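Below: one structure, written as structure tokens.
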Amino acid sequence: MMRPWFLPLLLVLCGSAVATATFLRGSPATAAGVLAAFLVLAGVNSPLIFPRSIGAGEAQRRSEVDGRPVVYWRPGCTYCIRLRLRLGRRARRLHWVNIWRDPAGAAAVRAVNDGNETVPTVVMAGRPHTNPDPDWVREKLSGHPS
């Protein structure tokens with residue numbers, strides 16, 4: 001449970017320490033800027049920016065019914081964050097599976113990536129795509145209803 005929050009918590013603690021030291025040196029404006037930057041980094045690396053994750057089995061069932069892609073991801077993954085941010089509101093159209101919380105999701109990713117847990121892995125129409133270009137995913141989503 002704590003694993004997805006480790007990096008964001010570490011960023012908040014480090015940012016607080018650096019901001020406090022900067023403030024004590026007499027630079028309150030710089031300290032505020034440093035703290036704000038660390039808080040933004042913590043937020044972007046937290047699970048909060050991703051739609052609610054579901055299990056791999058449930059995601060596959062839903063995908064078969066509605067035809068929407070399944071995205072396997074993990075917190076702290078830079079490429080997952082890039083995909084999520086570049087998709088914007090369209091990200092809610094996908095079924096998200098956090099492989100750190102779902103062993104079946106991690107196994108599905110390893111099965112299509114030569115035993116590696118390479119994410120994001122997007123499964124569209126039964127075909128896996130490892131770390132696809134966000135623009136390509138957005139283009140494919142334009143054919144799916146909201």
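Figures for the structure shown
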| quantity | calculated |
| --- | --- |
| Integer Hz, Karplus 6.51/-1.76/1.60 couplings in order for the stretch 65-70, x for Gly and Pro | 7, 9, x, 7, x, 10 |
| Added length on full extension, which subtracts the Cα-Cα distance from 0.36 nm per residue, ALA36 to ALA111 | 23.0 nm |
| Highest to lowest packing among 54-61, 95-102, 68-75, scored as the average C-beta count within 10 Å | 68-75, 95-102, 54-61 |
| Distribution of pairwise C-alpha distances over the stretch 3-48, 10 Å bins, in % | 34, 45, 18, 3 |
| Per residue, the convex hull volume that the Cα atoms of the chain enclose (Å³) | 110 |
| Net charge, TYR79 excluded, C-beta distance under 13 Å - Lys, Arg +1, Asp, Glu -1 | +2 |
| Computed label-point distance, nm, for sites ALA29 and LEU48 using a 7 Å Cα→Cβ extension | 2.8 |
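The numbers here are math on the coordinates, done by the rules we state, and not lab data. What you are looking at is a predicted structure, and each value in this text was computed from that prediction instead of being measured. Methodologically, a virtual Cβ is constructed for each residue, glycine included, from the backbone with ideal geometry; neighbour enumeration extends over all protein chains shown.
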